[in-house]
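Peer 1: My structure is below; once you've seen it, I'll send some questions.
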Amino acid sequence: MAAKRIDGKVISAYIKERAAKEAAQVAQILGRKPCLAVIIVGENPASKVYVNNKKKACEACGITSLEYALPELTSERELLDLIGTLNRDDAVDGILCQLPLPGHISEEKVIEAISPEKDVDGFHPVNVGKMLTGGDGFLPCTPAGLIEMLKYENIPIEGKRCVVIGRSNIVGKPAAILMQRENATVTVCHSKTRNLKEILLQADIIVASVGKPHFLTADMVKPGAVVLDVGINRLPDKTLVGDAEFAEVAEVASYITPVPGGVGPMTVAMLMQNTVMAAKRSAALNDS
Ligand code: GUN
């Protein structure tokens, strides 16, 4: 059996179109476009690519993007001050600080400094808490994108066994929570998990967020399982690959997301959706 490729480019285009329509409506109410402030500190090449993709998506969706490219040696205080200024600026709806940050800056402090109402990454503890309790905060973009992909393809989640590999704050942990919110039965595996293969072979849906190329092989996948590959790994020859050994896993799975062109574009699309939502909320406040 050859798996169906879930095309993240097609699904993200659909979400961005929807976000663009809503952005235009919100602009009518606010008298300005929705606005996203993107902060990048230092010279991480991958981060620069991601930030550039976010800027381009903003342009395509009718969202103003403000870029703050700060030098590597920016102090934590300077960064926190900038965030404070953006928090107070009524013309800014969303604030995003690209991670990772240089070692001398506390990511925790920076995430907590962003106003929860502008935290379009969904990383602030207030939004993490709302995600846990089912509230209507901002959901983190990559995990929310995974759910959107499954829904777009009409892949049922309820009652399914989902195994998430990886427990990062950005992907693994929130992906597990969101799958559970959709009524999946979720297991989170990580580097200390014993009998990983045995657990994976029970999964109807696998979320691979390990960050290791060739990690997920066909013998670890139940025939007909759905494989969502969140890995973005660069091989020595510069090829971009996910965590799954794509060709062989595609022979066993029923659906699989390719890398590139799978989960990656969804992250940016969900960010656009969150930014428009932030602007809508501020428009609603203006109305009342
Ligand atoms: N670094 C890797 N992924 C992300 C993301 O979704 N948001 C931010 N801010 N930084 C990241």
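The values are calculated or read from the model by the stated rules, or taken from the named source; none is laboratory data. Because the structure is a prediction, the values reported are computed rather than measured. Cβ atoms come from the backbone with ideal geometry, glycine included; neighbour counts cover every protein chain shown. The accessibility values were calculated without ligands, DNA or RNA, using every heavy atom of the protein model including side chains. Shrake-Rupley method; radii C 1.70, N 1.55, O 1.52, S 1.80 Å.
Peer 1: Test L178 against the criterion of being free of Cβ contacts under 8 Å to residues at least 24 places away in the same chain and surrounded by 15 or more Cβ atoms within 10 Å (Cβ to Cβ), and give yes or no.
Peer 2: no
Peer 1: When you scan segment 129-140, do you find a residue that is surrounded by fewer than 23 Cβ atoms within 10 Å (Cβ to Cβ), farther than 20 Å from K173 by Cβ, without any contact (Cβ under 8 Å) to a residue 60 or more places away in the chain and not basic (K, R), even just one?
Peer 2: No, segment 129-140 contains no residue that is surrounded by fewer than 23 Cβ atoms within 10 Å (Cβ to Cβ), farther than 20 Å from K173 by Cβ, without any contact (Cβ under 8 Å) to a residue 60 or more places away in the chain and not basic (K, R).
Peer 1: Hey, another quick one. Please verify whether segment 212-223 includes one or more residues that are over 21 Å from S191 (Cα atoms) and either free of Cβ contacts under 8 Å to residues at least 40 places away in the same chain or not aliphatic (A, V, I, L, M) (or both).
Peer 2: Yes: one or more hits.
Peer 1: Still on this model: Among the numbered criteria (1) farther than 29 Å from M277 by Cα; (2) in contact with a helix residue (DSSP H, G or I) (Cβ under 7 Å, 6 or more places away or on another chain); (3) touching a residue at least 60 places away in the same chain (Cβ under 8 Å), which single criterion is violated by I165?
Peer 2: Just one mismatch for I165, condition (2).
Peer 1: Hand me the list of helices (runs of 4 or more DSSP H) wholly inside segment 78-186 holding 3 or more residues that are at pLDDT 95 or above and of a type in the set (G, A, S).
Peer 2: Where helices (runs of 4 or more DSSP H) fall fully within segment 78-186 and carry at least 3 residues being at pLDDT 95 or above and of a type in the set (G, A, S), they are 172-181.
Peer 1: Among E117, E59, which is the only one that is under 30 Å from Y14 (Cβ atoms), more than 12 Å from the ligand (Cβ to nearest atom), in contact (Cβ under 8 Å) with a residue 60 or more places away in the chain and open to solvent by 80 Å² or more (accessible area, probe 1.4 Å)?
Peer 2: E117
Peer 1: Moving on. Just to be sure, is E76 more than 16 Å from the ligand (Cβ to nearest atom) and open to solvent by 30 Å² or more (accessible area, probe 1.4 Å)?
Peer 2: Criteria met by E76.
Peer 1: Return only the number of the condition from (1) farther than 23 Å from K16 by Cα; (2) away from the ligand (no atom under 16 Å from the Cβ) that E107 does not satisfy.
Peer 2: (2)
Peer 1: Here is a list of conditions, (1) under 22 Å from P34 (Cβ atoms); (2) within 11 Å of the ligand (Cβ to nearest atom), and L99 meets all of them except one; can you say which number that is?
Peer 2: So L99 meets the others, but not (1).
Peer 1: Let me ask something else. Looking at segment 211-266 only, could you name the residues that are open to solvent by less than 30 Å² (accessible area, probe 1.4 Å), part of a loop (DSSP other than H, G, I, E, B) and among the charged types (D, E, K, R)?
Peer 2: Listed by number, the list holds a single entry, D243.
Yes/no matrix, rows are residues, columns are (1) without any contact (Cβ under 8 Å) to a residue 12 or more places away in the chain; (2) in contact with a helix residue (DSSP H, G or I) (Cβ under 9 Å, 6 or more places away or on another chain); (3) within 26 Å of K238 (Cβ to Cβ):
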{"residue": "P34", "(1), (2), (3)": "no, yes, no"}
{"residue": "G42", "(1), (2), (3)": "no, no, yes"}
{"residue": "K48", "(1), (2), (3)": "yes, no, yes"}
{"residue": "I63", "(1), (2), (3)": "no, yes, no"}
{"residue": "L66", "(1), (2), (3)": "no, yes, no"}
{"residue": "E72", "(1), (2), (3)": "no, no, yes"}
{"residue": "R77", "(1), (2), (3)": "yes, no, no"}
{"residue": "I95", "(1), (2), (3)": "no, yes, no"}
